[in-house]
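Accompanying notes for the structure given below.
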Amino acid sequence: MPYRPHRRSPPRRRRRHHRPKPRAMAATIPARRVVERRQQRVQCAVSSLSGAACRSRSSLAALGRLVAVSKLVTVVAGPVWVALARRWPRKNVLAVCCGFWGVWTAAMGLAQNFVQLLVLATVAAAGIAGGGPLANGLVADLFDDAGRGRAVGVLYGIAALGLGMAGPVLGLLADVQNGWRYGFFASGAVQVVFGVLILAFLHDPGVGATYYGMVSRLDDQLGRVSRAVEQAGAAARTVTLFFADHGEYLGDHGVIEKWPSAMHDCITRDPLIISAPGLGEGGRECDAMVEMVDVLPTVLDLAGVPAPHRHFGRSLLPLLRDPAAPHRELAFTEGGFTVEEEPQMEHAAFPYDLKSALQHEDPTLAGRAVAVRDREWTYVWRLYEQPEPYHRAEGPHECTNLAGRPEYAEVERRLHDAVLRRLVETSGVVPADPDPRRPDVDLPAPAHS
């Protein structure tokens, strides 16, 4: 065989397995896939934010419903608490109000859904409604004019400070599981404790306590004047009269102050104390029917001075000497305005501005009125309203109008005629002094045949 040289195979090359670098791998991903992934991330983020925004809007809407319902309930429940405070001690009613508020606030922590929470919050709001007006009424009677404004400022300052401190503390419970429930439990417990403290330690002076304090102060000042008269040696020739121009609503019929056309007994009965030498032993009481117009002729009678003009009063001097002496069978009261007199009505400043504004808005509310009283009955005739006969023997507070009842028709007619007669008798008087403009006429009389 021919010789053939041996042919070596070429050496095999080892394959090096290079692990691709991350950057090189990322660089090889198509740009479309990168964009898709980024879009997915953005969509997830947007979805998450949208869900949070929806939940936020839903929460705000629910909070708005809670607040709106609470405000409506407060408007209705406020007058109810005030009416209860007229029948029972204000301190007790305020304590019950706080306890009511606290119990139902704590119950809100047991709510299982929004409907239950809304119902419980509505009931709790009824308790909140009484706190403001009752507290303001107590402060008004606990402090005098000089200290009342300071007391109100301190009260509301403490309330604002408490709320300001409680807000952040309760906010810390938001990160705790069921923390909102603990917040309602704590708030309710504080209100219940506050109600117990009110019941145990608060002193309720009663409606009109400031007024009574003013009367005591005035009595003390009058005593100083009387002692000064005695020290000056003038007591034997001094006459002292103590009286007022009207009574006062001190919570009677649910109001305070006075009203121009008011004819209630608490307004028309005025204090009247007379002290003079030679009138016998002091301290006696007289229940005769008298009017304030009787004060003028009494003073003139004590001074021995004749009246310079016509008047309709009767001297009280006979009653001062003998309380059982006859005087009047009827007592009359007049007040109010006509609609045409509205421009002349007072435009009062604070604190009488609201009352004054009401009279200007509707002058008929303060319309002209006349009342007549005997020992048993009161009859009020009003220019712009229906008449009002009251039987004081059965209803001393004059709350039941008996107008139009057949069984009282005769009484109503009798008292109506008495008012008419009074108005006719006092409608005009002849001047005591002759009019200087009147000419002297003195003609000769015709001769008689």
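A quick yes/no check of all residues on (1) of a type outside the set (Val, Ile, Thr); (2) within 30 Å of Phe114 (Cβ to Cβ); (3) more than 29 Å from the chain's Cα centre (by Cα):
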site: Gly132; (1), (2), (3): yes, yes, no
site: Leu138; (1), (2), (3): yes, no, no
site: Asp141; (1), (2), (3): yes, no, no
site: Val154; (1), (2), (3): no, no, no
site: Leu161; (1), (2), (3): yes, no, no
site: Val169; (1), (2), (3): no, yes, yes
site: Ala174; (1), (2), (3): yes, yes, yes
site: Trp180; (1), (2), (3): yes, yes, yes
site: Phe184; (1), (2), (3): yes, yes, yes
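Just give me the residues in the stretch 291-337 being touching a strand residue (DSSP E or B) at 6+ places or on another chain (Cβ under 8 Å) and open to solvent by less than 30 Å² (accessible area, probe 1.4 Å), in sequence order.
Answer for the stretch 291-337, where residues must be touching a strand residue (DSSP E or B) at 6+ places or on another chain (Cβ under 8 Å) and open to solvent by less than 30 Å² (accessible area, probe 1.4 Å): Glu291, Val295, Thr298, Leu316, Ala331, Gly335, Gly336.
Any idea how many residues of the stretch 85-108 are in a helix (DSSP H, G or I) and open to solvent by 60 Å² or more (accessible area, probe 1.4 Å)?
Count: 8.
If only residues of the stretch 218-235 that are out of contact with any helix residue (DSSP H, G or I) (no Cβ under 6 Å at 6 or more places or on another chain), in a helix (DSSP H, G or I) and under 29 Å from Val293 (Cβ atoms) are counted, the one that is least open to solvent (accessible area, probe 1.4 Å) is Gly223. No other residue among Pro308, Pro323, Pro297 is assigned to a loop (DSSP other than H, G, I, E, B) and free of Cβ contacts under 8 Å to residues at least 60 places away in the same chain apart from Pro323.
Can you tell me which residue is modelled with the lowest pLDDT among those in the stretch 45-67 that are closer than 30 Å to Asn136 by Cα and open to solvent by 50 Å² or more (accessible area, probe 1.4 Å)?
Leu63
The listed residues are Gln191, Gln231, Gln177, and the only one of them that is polar (S, T, N, Q) and in contact with a Ser or Thr (Cβ under 8 Å, 6 or more places away or on another chain) turns out to be Gln191.
Here's the yes/no breakdown for (1) open to solvent by less than 80 Å² (accessible area, probe 1.4 Å); (2) assigned to a helix (DSSP H, G or I); (3) not small (Gly, Ala, Ser):
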residue	(1), (2), (3)
Gln177	no, no, yes
Tyr182	no, yes, yes
Ala186	yes, yes, no
Val190	no, yes, yes
Leu197	no, yes, yes
Ala200	yes, yes, no
His203	no, no, yes
Gly206	yes, no, no
Phe242	yes, no, yes
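Exactly one residue out of Arg368, Arg413 is open to solvent by 70 Å² or more (accessible area, probe 1.4 Å) and touching a Leu at 6+ places or on another chain (Cβ under 6 Å): that is Arg368. Report yes if some residue within the stretch 241-255 is over 36 Å from the mean Cα position of the chain (by Cα) and farther than 30 Å from Arg90 by Cβ; otherwise report no. Checked the stretch 241-255: no residue is over 36 Å from the mean Cα position of the chain (by Cα) and farther than 30 Å from Arg90 by Cβ. So which pairs qualify, if the first residue must be in the stretch 339-362 and open to solvent by 60 Å² or more (accessible area, probe 1.4 Å), the second must be modelled with pLDDT of 90 or more and part of a helix (DSSP H, G or I), the Cβ gap must be under 7 Å, and the two must be at least 6 apart or on different chains? From residues that are open to solvent by 60 Å² or more (accessible area, probe 1.4 Å), the pairs are Glu346/Ser356; His347/Ser356; Leu358/Leu365. Do we have any residue at all in the stretch 184-207 that's over 30 Å from Trp101 (Cα atoms) and at pLDDT 85 or above? Scanning the stretch 184-207 turns up no residue that is over 30 Å from Trp101 (Cα atoms) and at pLDDT 85 or above.
Restricted to strands (runs of 3 or more DSSP E) entirely inside the stretch 366-449, those with at least 3 residues that are in contact with a Ser or Thr (Cβ under 8 Å, 6 or more places away or on another chain) and within 20 Å of Glu334 (Cα to Cα) are 369-373, 388-391.
The values are calculated or read from the model by the stated rules, or taken from the named source; none is laboratory data. Since the model is a prediction, treat every value here as computed from it, not as a measurement. Because the Cβ atoms are built from the backbone with ideal geometry, glycine has one as well, and the counts that use them run over all protein chains shown. For the accessible areas, the whole protein counts, side chains as well, though only heavy atoms, and no ligand, DNA or RNA atoms are used. Shrake-Rupley method; radii C 1.70, N 1.55, O 1.52, S 1.80 Å.
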